[in-house]
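The values are calculated or read from the model by the stated rules, or taken from the named source; none is laboratory data. In this text the structure is predicted, and so the values were computed from the model without any measurement. When we count neighbours, we look across all protein chains shown, and the Cβ atoms used for this are built from the backbone with ideal geometry, even at glycine.
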Amino acid sequence: MMRQKTTFQLLMQTGAWVVLAFLLLPMLVVLPVSLTPNEYISLPSDGFSLKHYQNYFTDPEWLSATWTSIVIALSVAVIATVLGTAFSVGCWLLSDFWSTVARWVLIVPILVPPVVQALGFYRFWVKLGLIDSMTGVILAHTLLALPYVSIAVFAALANLDRRIVQAARSLGASVWRTVIAVIVPAARPGMIAGAVFAFIVSFDEIVGVLFITVRSVQTLPKMIWQGINESIDPTIAAVATVLTVVTILIMVAVTWRWKARP
Amino acid sequence: MTTAGRLEPVLSVRGAKKHYGEVRALDGVDLDIGEGEFLTLLGPSGSGKTTLLMAIAGFTSLDAGAFRLRGEDITDLPPDRRSFGMVFQGYALFPNMTVAGNISFPLKLRKWSKAEIDARVRECLELVQMESYADRMPNQLSGGQQQRVALARALSFKPSILLLDEPLSALDKKLRADLQWELKDLHRQLAVTFIYVTHDQDEALSMSDRIVILDHGQIQQIGLPDQLYNQPDTRFVADFLGKSNFLEAKVCERLGGALDCESGGERFNVTGESSSYNGADRVLLALRPERIRIGAQGTERFHGVVRQTSYLGERCHLILDHPGFGGVLVSAPTWRMTVRPEVGGEVSFGWDDDACVVLAEDQ
Ligand SMILES: Nc1ncnc2c1ncn2[C@@H]1O[C@H](COP(=O)(O)OP(=O)(O)O)[C@@H](O)[C@H]1O
Ligand SMILES: [Mg+2]
């Protein structure tokens with residue numbers, strides 16, 4: 001027997017599909033464009049071609065930019081996860097007034113407009129001599145990614161019984177051993193999620209990169225942006241498609257791994 | 001049965017004070033705990049039991065006072081250096097380790113050899129009858145099983161004292177009763193000192209060698225279970241440990257070892273620990289409901305009207321109205337009842353001279 005749907009349910013479901021379609025719309029434009037046989041950005045009119053993909057995977061400039069982005073994002077993922085976890089575990093252990101304040105302060109970067117942040121980075125990085133360097137970009141992206149990591153780790157620790165710390169200590173573990181042996185393992189799902197977030201935040205970040213790099217650091221998003229300004233090469237669409245597919249694959253892999261846990 | 005008086009104390013608490021703002025969680029506690037004793041801290045919620053236990057464990061620092069372990073001052077020793085086992089209400093097992101991993105955790109910290117650890121883990125699992133669960137994760141166990149593992153873990157490194165904070169109160173009634181027997185049995189086998197916190201008087205009475213009654217961060221009375229039950233010092237103890245009727249009485253006269261008392265327009269004798277009172281003193285008497293006999297009209301001294309009855313199977317509870325005493329709670333064994341009390345009917349009731357206990361003034 002079919003269950004009668006209420007108007008509310010119908011509205012909600014229609015709404016959900018519309019939002020999903022809206023989110024997927026850019027993809028629906030980029031994917032066909034990337035397959036065009038023409039040398040300019042256009043929808044494929046007579047047949048499909050993979051030559052723009054071939055171009056992406058053989059062009060040294062595109063490959064170098066990809067490599068740069070991957071190195072930066074991996075560094076950011078590692079550094080932000082280590083720092084964010086240390087911060088969150090510390091706050092969780094203290095869980096007093098000031099640690100709560102510190103948590104909120106660390107989350108503020110999410111609320112500040114990216115342009116304002118980029119401007120801030122620019123002013124500081126000039127003083128520190130970090131403009132147009134890998135270190136400068138990694139540092140800036142780490143700051144942007146930290147809130148995500150600490151939120152994810154906090155979520156993982158939220159359900160951890162505080163008496164577990166007391167149990168470990170009463171069994172003879174120092175504070176440090178308790179953190180290593182009990183708290184960090186409990187935080188691991190949050191750390192993995194945080195690392196993935198940090199990677200993605202860094203990998204597609206452009207505003208900051210535009211402000212603090214000139215020529216010697218070329219990331220993938222920056223090259224796409226410049227490509228659109230300077231030429232009408234459909235390789236950009238191919239790159240965008242690859243990026244999206246890779247992102248989706250990472251998310252699916254993480255979600256699947258999560259579900260597979262007991 | 002062990003009492004601190006006969007044995008060298010394993011742990012001494014001296015002048016323990018802990019205030020949280022206006023709240024006096026511990027207000028000058030002095031206590032000696034005997035080697036191998038099963039000591040229970042009993043008191044209502046908020047009386048300071050957990051605070052005292054956590055201070056003994058080293059997690060709460062005292063404002064004033066000291067702890068000595070076999071004569072050695074441990075007041076400032078961090079919890080991981082005290083080597084007291086702990087069992088909590090919420091089990092607090094490590095979720096990322098198997099049962100065997102949990103139990104071997106303290107042994108690995110103490111750098112035992114692999115063979116020693118394996119043997120000890122098996123021994124401890126046997127102790128709590130969980131031999132076949134070594135490779136399970138904590139979330140695959142029931143509450144009772146988790147508490148058994150927590151117990152095995154806390155005992156694995158042979159601590160000198162085991163601290164237990166309401167370990168059974170999250171379990172259902174039947175399981176709780178089973179585990180009470182098991183805990184008592186464990187205590188007898190291992191000869192480890194147990195300091196057990198509970199707010200459940202039945203648990204305290206059935207398991208303990210000695211009971212410490214706490215209220216408002218102060219010790220109200222210390223004693224053997226039957227001592228506390230039969231000779232409560234204060235109204236608080238008489239009321240908290242079991243049920244009591246309270247009678248305000250005037251001592252008319254002293255007759256050797258007994259007091260001739262008057263209360264509610266009736267005269268009766270009170271024998272027992274009442275030596276310090278004399279004629280014209282006002283006293284408060286506690287009278288256990290099960291010490292009151294009821295019978296058909298004319299068979300006992302006093303007369304009352306049945307206000308309410310409550311049948312509990314083995315026992316029957318009655319509230320009798322007496323013009324002088326007010327409501328009197330009676331708990332009579334069903335099999336010995338010679339009358340069938342009806343609500344509104346008259347019965348007679350009475351008690352032996354040694355049934356009433358003279359209470360000290362409450363502070
Ligand atoms: N960390 C704390 N901060 C403030 N007050 C506390 C704290 N711990 C305990 N108290 C207070 O101290 C009193 C005793 O608490 P506790 O020892 O937990 O009682 P019990 O275990 O007997 O129920 C309570 O009034 C409680 O509110
Ligand atoms: Mg408590």
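Applying the selection to the range B:188-200, what residues are more than 15 Å from ligand 2 (Cβ to nearest atom) and either in contact with a Gly (Cβ under 6 Å, 6 or more places away or on another chain) or under 21 Å from residue B:54 (Cα atoms) (or both)?
Step one: filter the range B:188-200 for residues more than 15 Å from ligand 2 (Cβ to nearest atom), giving B:188-194.
Hits for the range B:188-200 are B:191, B:192, B:193, B:194.
Do we find that residue A:190 is away from chain B (no Cβ under 14 Å) and surrounded by 19 or more Cβ atoms within 10 Å (Cβ to Cβ) in this structure?
Details: away from chain B (no Cβ under 14 Å): no; surrounded by 19 or more Cβ atoms within 10 Å (Cβ to Cβ): yes.
In short, no.
Is it the case, given these coordinates, that residue B:94 is touching a residue at least 12 places away in the same chain (Cβ under 8 Å) and either outside any loop (DSSP other than H, G, I, E, B) or within 16 Å of ligand 1 (Cβ to nearest atom) (or both)?
Details: touching a residue at least 12 places away in the same chain (Cβ under 8 Å): yes; either outside any loop (DSSP other than H, G, I, E, B) or within 16 Å of ligand 1 (Cβ to nearest atom) (or both): no.
For residue B:94, the condition - touching a residue at least 12 places away in the same chain (Cβ under 8 Å) and either outside any loop (DSSP other than H, G, I, E, B) or within 16 Å of ligand 1 (Cβ to nearest atom) (or both) - is not met.
Say whether the condition of being buried (at least 16 other Cβ atoms within 10 Å of the Cβ), of a type outside the set (A, V, I, L, M) and more than 14 Å from chain B (Cβ to nearest Cβ) is met by at least one residue in the range A:167-187.
no
Specify which of the listed residues (B:233, B:209) is touching an Asp or Glu at 6+ places or on another chain (Cβ under 8 Å) and either among the acidic types (Asp, Glu) or exposed (fewer than 15 other Cβ atoms within 10 Å of the Cβ) (or both). Outline the logic, then answer.
Values: B:233 fails: touching an Asp or Glu at 6+ places or on another chain (Cβ under 8 Å).
One residue alone meets the criteria, B:209.
May I ask you to list pairs of residues, at least six apart or on different chains, whose Cβ atoms are under 8 Å apart, with the first in the range B:164-181 being without any contact (Cβ under 8 Å) to a residue 24 or more places away in the chain and the second being among the polar types (S, T, N, Q) and more than 13 Å from ligand 2 (Cβ to nearest atom)?
Listed pairs, sorted by first residue: none to list.
I'm trying to understand the selection: among the residues of the range B:69-90, which are in contact (Cβ under 8 Å) with a residue 60 or more places away in the chain and either buried (at least 24 other Cβ atoms within 10 Å of the Cβ) or under 17 Å from residue A:165 (Cα atoms) (or both)? Let's see the steps before the verdict.
Of all residues in the range B:69-90, those in contact (Cβ under 8 Å) with a residue 60 or more places away in the chain come to B:69-70, B:83-90.
Those that are in contact (Cβ under 8 Å) with a residue 60 or more places away in the chain and either buried (at least 24 other Cβ atoms within 10 Å of the Cβ) or under 17 Å from residue A:165 (Cα atoms) (or both): B:83, B:84, B:85, B:86, B:87, B:88, B:89, B:90.
Residue B:82 - would you say it is at pLDDT below 95 and more than 16 Å from ligand 2 (Cβ to nearest atom)? Give the derivation first.
Working: at pLDDT below 95: yes; more than 16 Å from ligand 2 (Cβ to nearest atom): yes.
Yes; evaluated as a whole, the condition is true for this residue.
For the range B:208-220, does any single residue satisfy the condition of being under 30 Å from residue B:280 (Cα atoms) and either modelled with pLDDT of 95 or more or within 16 Å of ligand 1 (Cβ to nearest atom) (or both)? Full working, then the answer.
Step one: list which residues in the range B:208-220 are under 30 Å from residue B:280 (Cα atoms), which gives B:220.
Checking which are either modelled with pLDDT of 95 or more or within 16 Å of ligand 1 (Cβ to nearest atom) (or both) leaves us with B:220.
For the range B:208-220, residues under 30 Å from residue B:280 (Cα atoms) and either modelled with pLDDT of 95 or more or within 16 Å of ligand 1 (Cβ to nearest atom) (or both): present.
What are the pairs with Cβ atoms under 6 angstrom where one residue, in the range B:213-224, is away from every other protein chain (no Cβ under 14 Å) and part of a loop (DSSP other than H, G, I, E, B) and the other, located anywhere, is within 16 Å of ligand 2 (Cβ to nearest atom) and not aliphatic (A, V, I, L, M)? Sequence gap at least six, or different chains.
What qualifies is B:217/B:24; B:217/B:48.
Take the residues in the range B:9-35 that are under 22 Å from residue B:228 (Cα atoms) and within 16 Å of ligand 2 (Cβ to nearest atom), then tell me which one is farthest from the other protein chains (Cβ to nearest Cβ).
Ranking the candidates gives B:29 first.
Scan the range B:19-35 and tell me whether some residue there is in a loop (DSSP other than H, G, I, E, B), more than 8 Å from ligand 1 (Cβ to nearest atom) and in contact with a strand residue (DSSP E or B) (Cβ under 6 Å, 6 or more places away or on another chain). Quick ask: steps written out before the conclusion?
Step one: of the range B:19-35, the residues in a loop (DSSP other than H, G, I, E, B) are B:21-22, B:35.
Add one more test, that the residue is more than 8 Å from ligand 1 (Cβ to nearest atom), and what stays is B:22, B:35.
This time we only want the ones that are in contact with a strand residue (DSSP E or B) (Cβ under 6 Å, 6 or more places away or on another chain), so: B:35.
Yes, the range B:19-35 contains at least one residue that is in a loop (DSSP other than H, G, I, E, B), more than 8 Å from ligand 1 (Cβ to nearest atom) and in contact with a strand residue (DSSP E or B) (Cβ under 6 Å, 6 or more places away or on another chain).
When the range B:36-68 is examined, which residues are found to be away from ligand 2 (no atom under 16 Å from the Cβ), touching a residue at least 60 places away in the same chain (Cβ under 8 Å) and surrounded by fewer than 20 Cβ atoms within 10 Å (Cβ to Cβ)?
Within the range B:36-68, just B:36 meets the criteria.
With B:71, B:144, B:85 as the choices, which residue is away from chain A (no Cβ under 14 Å) and in contact with a Leu (Cβ under 7 Å, 6 or more places away or on another chain)? I'd like the intermediate steps shown before the answer.
Numbers: B:71 fails: in contact with a Leu (Cβ under 7 Å, 6 or more places away or on another chain); B:85 fails: away from chain A (no Cβ under 14 Å).
None of the others qualify; the one that does is B:144.
Which of (1) in contact with a Leu (Cβ under 6 Å, 6 or more places away or on another chain); (2) closer than 30 Å to residue B:45 by Cβ is the odd one out, the single condition residue B:270 does not satisfy?
(2)
Being part of a loop (DSSP other than H, G, I, E, B) and under 23 Å from the mean Cα position of the chain (by Cα) is the requirement here; does residue B:162 meet it? Let's see the steps before the verdict.
Values: part of a loop (DSSP other than H, G, I, E, B): no; under 23 Å from the mean Cα position of the chain (by Cα): yes.
When the stated conditions are applied, residue B:162 does not pass them.
Which condition breaks for residue B:120 when tested against (1) within 12 Å of chain A (Cβ to nearest Cβ); (2) modelled with pLDDT of 95 or more; (3) more than 14 Å from residue B:150 (Cα to Cα)?
Against the list (1) within 12 Å of chain A (Cβ to nearest Cβ); (2) modelled with pLDDT of 95 or more; (3) more than 14 Å from residue B:150 (Cα to Cα), residue B:120 comes up short only on (1).
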